[in-house]
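This report concerns only the one structure given below.
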């Protein structure tokens, strides 16, 4: 039978794409963003700055930004090598969508893409067109530099998952193609461009979770159950395929919450399903909602042990904004 033999998680923040010179400029965008505090309450950048630890001003000096960035860059390299060494036949990618493949006209809670290929465009989605040119140029590293590229999808496994999960009482939307002129969303694009071998990319199965947008966001419990159901479905797939699962996104952002991030990583290592299923939903807004992708992978990877992780508290402003950059492998 097919088996899940490998699992991973990775942040996909645009910070990971930034040059040393660009890192300090995130202050420009963070000042204008809508934020939430650690309890999920709406706040301004000024509110966060007023209550921030004064030590953060020192921590976000350019030399410290670069030092932390280098740790994260090394972690991405380690993850890339681990995925390659796993010799996978398919990689199931759990990722959120941010007005890329699914829009307000119809936004499913869960969806699986089952076309034979999925396109990484060389044109960015319009969602970020209001941001400064330097930020848009930075985000371009999610996408192909010169021309669109069609990456392989394990369509047979994707179709099987749709059928098996539907039979297991999950209401799964299905997509066989993207809109004309559009490419895959950032969660899968990051995996294609920065995690998989560009010369021999593993066929993927994109599984989308609507972590971001109310009113139909899944609960942590439902995401964990989805992961468990995916594992059972994989084991019912004909043949002896070696399958991996990967969470794309997270952890806390755009306000870094080290305590919360480390508690999640501990729960992943301890296989503490009860903790993961009852994560407080008021802490899962905006970027932090991508933690749900990791919860789904935890359900799918229950038979594996978390063997390596790297955590980089990616502070980038004196107010404590940034990303809890996290990377992990199970095997």
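Any read-out appearing in this document is the output of simple, stated calculations on the displayed coordinates, not a laboratory observation. Remember, predicted model here, so these are calculated numbers, not experimental data. Don't worry about glycine lacking a Cβ; one is built from the backbone with ideal geometry, like all the others, and counts go over all protein chains shown.
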Note to self: Restricting to bridges with both residues inside the stretch 3-330, how much of the DSSP beta-bridge set is antiparallel, in percent to the nearest 5?
What the structure shows: 50
Notebook entry, point to check: Can you give the angle from 0 to 90° between the axis of helix 155-167 and the longest principal axis of the chain, with both taken from C-alpha atoms, to the nearest 10?
Noted result: 90
Margin query: Sort 145-153, 1-9, 205-213 by the packing proxy (mean of other Cβ within 10 Å over each peptide's residues), most packed first.
Written below: 205-213, 1-9, 145-153
Next item on the list: For the chain, calculate the relative contact order in percent as a whole number, restricting contacts to Cα pairs under 8 Å that are 6 or more residues apart.
Entry: 34
Item checked: For the stretch 187-223 versus the stretch 277-331, the gap between their alpha-carbon centres in whole angstrom -> 14
Next item on the list: Taking the chain as the reference, fit the longest principal axis to its C-alpha atoms, fit the long axis of helix 291-300 to the helix C-alpha atoms, and give the angle between the two in degrees, 0 to 90, nearest 10.
Entry: 30
Next item on the list: Can you tell me the order of 90-101, 306-317, 167-178 when each peptide is scored by its average per-residue count of other Cβ atoms within 10 angstrom, highest first?
Entry: 90-101, 306-317, 167-178
Notebook entry, point to check: Taking the alpha-carbon centroid of each part, what is the distance from the stretch 91-150 to the stretch 1-62 in angstrom?
Noted result: 20
Notebook entry, point to check: So how do 54-61, 287-294, 243-250, 180-187 stack up, highest first, on mean other-Cβ count within 10 Å?
Noted result: 243-250, 287-294, 180-187, 54-61
Check: Based on the alpha-carbon gyration tensor of the stretch 137-257 and its eigenvalue square roots a ≥ b ≥ c, which shape applies: rounded if a/c is under 1.5, prolate if not and a/b is larger than b/c, or oblate?
Finding: oblate
Notebook entry, point to check: Among 300, 156, 18, which one moves the most in a GNM of the chain with springs linking Cα atoms closer than 10 Å?
Noted result: 156
Checklist line | Sites residue 47 and residue 123, calculated FRET efficiency, Cβ-Cβ separation with R0 25 Å, nearest 0.05 | finding: 0.10
Check: Of [x] 18.7, 58; [y] 19.6, 62; [z] 26.1, 83, which is the value of Rg and Dmax of the Cα atoms in Å derived from the coordinates here?
Finding: [x]
